[in-house]
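> Structure below; questions to follow.
Taken together, the values in this text are just the output of simple stated rules run on the coordinates, not laboratory data. Quick caveat, the model's predicted, so the values are computed rather than measured. All Cβ positions, even for glycine, are placed from backbone atoms using ideal geometry, and neighbour counts span all protein chains on display.
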Amino acid sequence: MEHSGASHGLIQWHGTTIIGVKKNGRTVIAGDGQVSMGNTVMKPNARKVRRIGDGGVIAGFAGATADAFTLFERLERKLEQYRGQLMRAAVELAKDWRTDKYLRNLEALMIVADKDTMLVLTGNGDVLEPEGGPEGQVAAIGSGGNYALSAARALAGYEDDAEKIARRAMEIAAEICVYTNDRITVETLEQDA
């Protein structure tokens with residue numbers, strides 16, 4: 001995947017869209033499969049959303065693939081170290097990501113979630129929990145992230161199923177963003193009854 005620096009230190013990510021939706025006891029992370037290099041599609045079916053740890057955490061990434069795998073591995077180690085406590089593991093990963101000389105150069109964003117919490121992690125040391133409300137929580141990253149986020153927020157007022165919201169938002173992003181395709185991977189967690 002590719003990125004290009006924009007003014008004021010902002011990074012514009014190309015090559016993916018990842019969305020997280022949490023509603024009615026269900027947490028979903030969905031992502032497309034397109035890997036782009038410049039204006040060429042290098043791979044249409046990459047898996048950018050996966051379960052990590054003991055399967056109780058799902059994560060999706062936008063950014064350089066090798067960097068994301070490094071971050072997945074680090075997050076898994078943090079989850080082991082902090083006995084599955086996602087918030088604590090995410091904060092410790094974000095600290096390392098910002099301060100470690102090697103990790104600081106990794107170029108990726110992540111959405112991570114367990115059955116209770118959804119977070120966006122950045123290389124700036126940010127651990128962001130999306131705002132929630134009656135329509136649930138929604139977060140999106142990547143080049144088509146703003147399209148997916150807008151679509152999901154609009155759908156959340158009319159649709160109760162988190163997976164349906166995520167899938168439709170991804171379809172809309174794929175129709176608009178040239179760096180996003182319609183080969184969607186979805187992982188879901190159910191909250192304990």
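> Considering the dipole of the chain built from charges on the beta carbon (Lys and Arg +1, Asp and Glu -1) around the Cα centre, which of Ala169, Leu93, Tyr179 is farthest to its positive end?
The one lying farthest along the dipole's positive direction is Leu93.
> Please report the net charge: other residues with Cβ closer than 9 Å to the Cβ of Asp32, K and R +1, D and E -1.
Working: positive: Lys48, Arg183; negative: Asp182.
My count for the surroundings of Asp32 gives +1.
> Based on DSSP H runs of at least 4 residues, each adding -39500 (n - 2.57), what is the mean residue ellipticity at 222 nm of the chain after dividing by all its residues, to the nearest 500 deg cm²/dmol?
Per the formula, -10000 deg cm²/dmol.
> I want the local charge near Lys43. Using Cβ-Cβ distances under 12 Å, sum +1 for each Lys or Arg and -1 for each Asp or Glu among the other residues.
+2
> Just to be sure I understand: with springs between alpha-carbon atoms less than 10 Å apart, which residue in Gly31, Gly60, Gly157 has the highest mean-square fluctuation in the Gaussian network model of the chain?
Maximum fluctuation in the GNM of the chain, among the listed residues, is at Gly157.
> Arrange Lys48, Lys78 by Cβ neighbour counts within 10 Å, fewest through most, would you?
Result, fewest neighbours first: Lys78, Lys48.
> Placing unit charges on C-beta atoms (Lys and Arg positive, Asp and Glu negative, everything else neutral), compute the dipole magnitude of the range 17-187 about its Cα centre in debye, rounded to 20. It would help to have the intermediate numbers written out before the result.
Details: 23 positive and 24 negative charges, 67 e Å.
My answer is approximately 320 debye.
> Let me ask you something else. Once all Cα-Cα distances of the chain are split into 5 Å bins that start at 0, what whole-number percent is in each one?
Binned Cα distances yield the sequence 1, 9, 18, 22, 21, 16, 10, 3, 0, 0.
> Separation of the range 152-189 and the range 40-55 by C-alpha centroid, Å?
Answer, in whole Å: 16.
> Return the subset of Lys22/Lys164; Lys78/Lys164; Lys43/Lys115; Lys95/Lys164; Lys22/Lys48 for which the Cα-Cα distance in this structure is over 23 Å, preserving the input order. Please list the in-between numbers first.
Values: Lys22/Lys164 11 Å; Lys78/Lys164 31 Å; Lys43/Lys115 31 Å; Lys95/Lys164 34 Å; Lys22/Lys48 19 Å.
Cα-Cα > 23 Å for Lys78/Lys164; Lys43/Lys115; Lys95/Lys164; rest within.
> Quick check: net charge around Glu190, other residues with Cβ under 9 Å of its Cβ, Lys/Arg +1 and Asp/Glu -1? Before the final figure, lay out each step's value.
Working: positive: Arg26, Lys115; negative: Asp192.
My count for the surroundings of Glu190 gives +1.
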